[in-house]
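Okay, structure first, notes after.
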Amino acid sequence: MAGSKRKKKKKSGWPRANVRRTVQDARARLAQALAGVRPRTPDALWEFVRMAYGLAVPRRAVCPGHAAPFEYLRRAVLEPGRDLVVWASRGGAKTELGSIATHLDSIFRPGCQTRILGGSLDQSQKMYEYLSRKMRGLFAGSLAREPTARRMRLVNGSAIEVLTQSGRSVRGQRVHRLKCDEVDEFLPEVWQAAQFVTQSGPGSDGEWIAAQMEVFSTMHRPFGPMAELVERLEARGEVEGGERDRGLTPAAREGARRRSSRPRERAVTQEASPALLVWCLWEVIERCPPERSCSRCPLWPDCEGRAREAEGYFPIADAIAQKSRASREGWEAEMLCRRPRADRRVFADFEPSRHVAPVAYDPALPLYRALDFGYANPFVCLWVQVKDERGTRNAAPRPCSPSRASGSNEGRPEQGRRAERGTKGENGKETDNDADLSGVEVRVIGEYVERERPIGEHVRAMRERDPGPVVATYADPAGWQRSDVTGTGPCQELARAGIRVRTPRAAILEGVELLRRLLKPSPGAPGEAAGLVVAPSCRWLVRALEEYHWSASREGTMAERPAKDGADHPIDALRYLVTGLFLGGSRARERRWW
């Protein structure tokens with residue numbers, strides 16, 4: 001009836017909120033009882049983690065050569081003192097398990113000092129946030145004071161602190177535990193400094209605390225720090241769980257064979273080497289129900305029934321969704337813990353033994369700068385000299401007329417000057433791709449790589465590092481674009497500082513092809529002289545030459561453009577230089593800024 005009041009339906013049964021609260025209280029009381037007793041067996045540790053944190057850590061490895069995620073906790077908490085390297089899939093609870101081990105160390109080892117170092121500050125704070133949640137409620141009384149954004153201290157003297165991705169933050173630290181999260185994102189100098197952080201020592205109760213470094217990461221860079229670390233440990237046979245069935249090198253297989261024949265009592269030197277723990281999606285995925293059809297499941301080609309034996313938590317539906325939107329290579333590297341393919345390298349002819357050698361500044365050769373602009377991405381400057389023995393016909397550009405800008409040691413070209421034009425190719429466009437580079441040696445003698453700094457600071461840093469007079473500076477043509485906020489761009493700002501830049505216009509593949517030709521051995525040259533030589537101090541460029549690769553389509557096939565995933569910045573700078581010097585059809589844009 002209209003206007004009549006509806007009767008409220010009377011709720012029956014026990015209120016859902018009360019049930020939830022009762023369960024939480026029961027778990028808290030049980031965890032409180034467990035908190036007073038330090039777990040000393042694997043079963044006691046697993047039960048403690050389940051009751052205190054609500055996480056049933058998988059204890060079964062379903063893939064050959066893999067370890068269960070709980071194996072990490074067992075070693076980190078019950079058998080400390082040996083470095084651990086965890087290579088696990090995305091969503092494999094690496095960061096969560098690292099925070100649990102940190103929490104247990106801080107509670108049960110008074111005075112334990114732990115530092116968290118991530119591939120970025122955000123990654124470091126992610127583990128710290130997980131840890132902060134564990135300090136609330138049940139364990140709130142263990143805090144000495146309210147935690148700050150990067151540091152917390154416990155009443156028993158233990159402390160946890162977040163480190164930033166910088167050498168200054170890492171150097172000088174002497175702590176019992178170091179947690180390195182997403183090592184593949186580490187800067188080379190930071191990763192090197194991190195090797196010397198841990199140090200054993202007594203805790204606040206006098207009990208000895210053994211030093212331990214723990215590394216967590218996926219492997220998405222074929223020549224990154226994680227790949228190098230895994231390769232070294234596999235060669236030594238330090239893979240926990242037996243020989244791996246995929247991506248094992250011959251040296252690693254031989255190391256695993258020798259390891260299987262060793263006595264059970266390890267030598268002290270063997271204990272000192274890190275242990276490699278590997279687990280993938282199939283160790284953490286939820287158990288597949290019997291009613292689910294394998295033949296119609298998109299995961300079947302990779303799963304092959306492994307999910308039937310799993311005891312994890314990762315939803316099957318999420319795994320299917322991620323596989324459908326990821327490339328094949330990305331899926332294999334990020335979720336199945338298979339090595340990233342190295343067959344898509346752009347510079348397959350680059351060999352550090354031949355192309356990386358000490359090379360000093362030669363006053364008799366022209367000196368150039370090569371720039372790639374960036375702020376959040378790195379700003380790159382390379383100092384390059386070119387030795388050209390092809391004769392005057394193909395000689396490198398001459399120094400320009402002296403600059404009127406104060407403090408500038410490089411030439412200023414005449415207004416409107418263009419690079420020499422090459423011959424016309426079959427398509428009618430001007431090109432010089434067929435030029436003979438056999439008599440050219442490009443020497444990269446120095447590099448400067450920095451982030452999040454204004455152009456003015458880069459200018460000062462470059463001039464301080466200039467080993468001699470600079471003939472010309474080559475840069476990205478996009479540097480002429482003006483910002484809507486400042487009304488200027490990087491090239492205009494460099495011009496105000498007295499640095500005129502040349503910005504050759506050419507396709508990416510044209511510059512890449514020139515670099516590939518410089519890397520090839522010169523036929524008949526003594527000792528197969530390299531056309532490109534890089535000083536060992538140019539670590540960013542060396543790493544980029546090793547990792548620069550063709551992008552892949554979603555089907556895993558090779559695309560026709562290099563991937564822009566970090567290794568491209570030093571390559572781009574070098575590409576602008578060789579394009580401007582050797583590609584006759586490119587136009588070098590130069591103009592006044594006033």
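Yes or no, residue by residue, for (1) touching a residue at least 60 places away in the same chain (Cβ under 8 Å); (2) open to solvent by less than 40 Å² (accessible area, probe 1.4 Å); (3) over 22 Å from the mean Cα position of the chain (by Cα):
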position: Arg38; (1), (2), (3): yes, no, yes
position: Cys63; (1), (2), (3): yes, yes, yes
position: Ala67; (1), (2), (3): yes, yes, yes
position: Asp83; (1), (2), (3): yes, no, no
position: Arg90; (1), (2), (3): yes, no, no
position: Ala93; (1), (2), (3): yes, yes, no
position: Ala101; (1), (2), (3): yes, yes, yes
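Condition check ((1) part of a helix (DSSP H, G or I); (2) over 30 Å from Glu510 (Cβ atoms)) across all residues:
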| residue | (1), (2) |
| --- | --- |
| Ile320 | yes, yes |
| Gly330 | yes, no |
| Cys337 | no, yes |
| Pro340 | no, no |
| Asp349 | no, no |
| Arg354 | yes, no |
**Which numbered condition Gly111 fails, given (1) in contact with a strand residue (DSSP E or B) (Cβ under 8 Å, 6 or more places away or on another chain); (2) open to solvent by less than 30 Å² (accessible area, probe 1.4 Å); (3) in a helix (DSSP H, G or I); (4) farther than 23 Å from Phe186 by Cβ** = (3)
**Prompt:** Using beta carbons and a limit of 7 Å, which pairs, at least six apart or on different chains, have the first residue in the range 456-472 and touching a residue at least 60 places away in the same chain (Cβ under 8 Å) and the second one charged (D, E, K, R) and open to solvent by less than 40 Å² (accessible area, probe 1.4 Å)?
**Reply:** Met462/Arg369; Pro469/Glu410; Val470/Arg369; Val470/Glu410; Val471/Glu410; Ala472/Glu410; Ala472/Arg502
**Asked** Does Cys288 fit the bill of being more than 31 Å from the chain's Cα centre (by Cα), buried (at least 17 other Cβ atoms within 10 Å of the Cβ) and assigned to a loop (DSSP other than H, G, I, E, B)?
**Response** yes
**Within the range 146-169, tally of residues that are among the basic types (Lys, Arg) and modelled with pLDDT under 90** = 1
**Prompt:** When the residues of the range 471-491 are filtered to those that are among the aliphatic types (A, V, I, L, M) and either closer than 13 Å to Leu371 by Cα or modelled with pLDDT of 95 or more (or both), which remaining residue is most open to solvent (accessible area, probe 1.4 Å)?
**Reply:** Ala478
**Request:** Could you list all residues from the range 578-594 that are modelled with pLDDT of 70 or more and either in a loop (DSSP other than H, G, I, E, B) or within 27 Å of the chain's Cα centre (by Cα) (or both)?
**Result:** Leu583
**Message:** Going through Gly247, Gly172, Gly255 one at a time, which residue ends up being at pLDDT 80 or above and either buried (at least 17 other Cβ atoms within 10 Å of the Cβ) or part of a loop (DSSP other than H, G, I, E, B) (or both)?
**Reply:** Gly172
**Prompt:** Quick one: is Leu78 among the hydrophobic types (A, V, I, L, M, F, W, C), open to solvent by 10 Å² or more (accessible area, probe 1.4 Å) and either under 27 Å from the mean Cα position of the chain (by Cα) or at pLDDT 90 or above (or both)?
**Reply:** yes
**Message:** Looking at the range 506-517, I want the residues that are within 15 Å of Ala370 (Cα to Cα) and crowded, with 19+ Cβ neighbours inside 10 Å and have a partner that is modelled with pLDDT of 90 or more and among the basic types (Lys, Arg) with Cβ atoms under 6 Å, at least 6 apart or on another chain. Which pairs are those?
**Reply:** Gly511/Arg575
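The values are calculated or read from the model by the stated rules, or taken from the named source; none is laboratory data. This structure is a prediction, so every number in the text was calculated from the model and none was measured. All Cβ positions, glycine included, derive from the backbone under ideal geometry; neighbour counts span all protein chains shown. Side chains are part of the model used for accessible areas, which takes the heavy atoms of the whole protein and leaves out ligands, DNA and RNA. Shrake-Rupley method; radii C 1.70, N 1.55, O 1.52, S 1.80 Å.
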